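S.K.: Submitted below is the structure of interest, expressed as structure tokens.
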Amino acid sequence: MRKFLQRLLYKPVSRLADRYSSRPDKARVNKALSALYKSIIDNPGKKGLVIPFNAETDKFIILSDQHKGARDGGDIFARSANNYLAALDYYNQQQFIYINLGDSEELWENLFVTVKRHNKATFEKEKLFIEKDRFVKIFGNHDLYWGNDPLATVSLLQIYGKAIPIYEGAILQTMVNGKPFGIFMTHGHQGDLQSDGNWFSKWFVSNVWGALQAYLRINPNTPAYNNQLKTDHNRIMYEWSSKQKDMVLITGHTHQPVFRSMTQLEGLYNDLELAKKNKNAEAILKLEKQITGLHLKANNQPDFNGYLDTYFNSGCCCFNDGDITGIEVEAGFIRLIKWGYKSKLSVRTVLEESKLEDLRLI
């Protein structure tokens, strides 16, 4: 019966969940991001940290959207848990600073006590970063609990043995090519009419979507979704970031990886345009084959004239095949990485990378 209902209800239920999970308003997004950035700069430590860093020696890993749940049919993190644990082992050994961009715990669909009971191993791995003062925790809309619940301090003591501060954002600051360079990081739900404190969206997710997802075992975070053109929310985030001086924006929230302001599909289209300009027949054939191989519908080649490299999205740690994606900043580079299973082992793959000095900013 479950398989029959999966075939029957997967698409309509996913569309309904998408409708009630994201409805960004451009004016609200712009206002919220600008206000948060100003607040962190003017009063660091209250809503967020300002972290000076050496671009050549300091290391950061930025992960988001684990949505740790109850290990039931609705827990979209369950398949990714081992990749996440392997990634944390690697980044701890390599002395990275871990910045968690929110929605780490799925507290719309689950009680905190349930999440705590089923995710002890992940909390222990995160605790290792805390013990070395290399952990920054930012809240998202699905774990807003950390930012506004009076019991959050007690909960943090229970899972980490320490009541660490929780922020809405953070800003990394350094010098690149003799000029100031900043990385503004936040979850990315700000200005989203269905996520930024909206009671109906929370009710729908916890009482309707959560129950259906658990029974039907639906995870909408598919590779096909990942490869589409940017969602409206990511596009609005890019538009805001493209107007900021000497700065890039990194968010999560949409579960769609974006590197240098482009999704994988958009990057292929961009490379195809360059190949056509250079009359590189071999590259054109290869790229057209890659685009066709994605088996996507209703995607037309976009116009990238004037695009800047100002927006990045870490993707998520709950893809339905168990993969997780994130952003590394290390040794003067910024990278989009993936951890995936190969012969039951977790393997790190660099999907995209660029020198910080090569990014096109205003």
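The values are calculated or read from the model by the stated rules, or taken from the named source; none is laboratory data. As the structure is a computational prediction, the values presented were derived from the model and not from experiment. Every residue, glycine among them, receives a Cβ derived from its backbone with ideal geometry; neighbour counts consider all protein chains shown.
S.K.: Which number in (1) within 30 Å of ASN54 (Cβ to Cβ); (2) modelled with pLDDT under 95 marks the one condition that SER354 misses?
M.R.: The single condition SER354 does not satisfy is (2).
S.K.: Of the conditions (1) modelled with pLDDT of 95 or more; (2) closer than 20 Å to SER314 by Cβ, ALA32 clears all except one; give me its number.
M.R.: Of the numbered conditions (1) modelled with pLDDT of 95 or more; (2) closer than 20 Å to SER314 by Cβ, the odd one out for ALA32 is (1).
S.K.: Ok, one more. Test of understanding: among GLU328, GLU288, GLU357, GLU273, which residue is part of a strand (DSSP E or B) and either farther than 28 Å from PHE139 by Cβ or within 15 Å of the chain's Cα centre (by Cα) (or both)? Break it down stepwise before answering.
M.R.: On the way: GLU288 fails: part of a strand (DSSP E or B); GLU357 fails: part of a strand (DSSP E or B); GLU273 fails: part of a strand (DSSP E or B).
The unique qualifying residue is GLU328.
S.K.: Can you name the strands (runs of 3 or more DSSP E) wholly within segment 41-121 that have at least 2 residues being in contact (Cβ under 8 Å) with a residue 60 or more places away in the chain and β-branched (Val, Ile, Thr)?
M.R.: Of the strands (runs of 3 or more DSSP E) lying wholly inside segment 41-121, those with at least 2 residues that are in contact (Cβ under 8 Å) with a residue 60 or more places away in the chain and β-branched (Val, Ile, Thr) span 48-52, 59-63.
S.K.: I'm told TYR341 meets every condition in (1) surrounded by 13 or more Cβ atoms within 10 Å (Cβ to Cβ); (2) closer than 24 Å to TRP240 by Cβ except one. Can you identify the failing condition by its number?
M.R.: Status for TYR341: all satisfied but (2).
S.K.: Hey, can you tell me all the residues within segment 135-179 that are assigned to a loop (DSSP other than H, G, I, E, B), surrounded by 15 or more Cβ atoms within 10 Å (Cβ to Cβ) and touching a residue at least 40 places away in the same chain (Cβ under 8 Å)?
M.R.: PHE139, GLY140, ASN141, HIS142, ASP143, LEU144, GLU168
S.K.: List the pairs whose first member sits in segment 341-362 and is of a type in the set (D, E, K, R), whose second member is loosely packed, with under 12 Cβ neighbours inside 10 Å and modelled with pLDDT under 95, and whose Cβ atoms are under 6 Å apart, counting only residues at least 6 apart or on separate chains?
M.R.: Going by the 6 Å Cβ cut-off, the qualifying pairs are GLU357/ASN177.
S.K.: Wholly within segment 185-260, which helices (runs of 4 or more DSSP H) include no fewer than the required count, namely at least 1 residues that are touching a Ser or Thr at 6+ places or on another chain (Cβ under 8 Å) and modelled with pLDDT of 95 or more?
M.R.: 232-241
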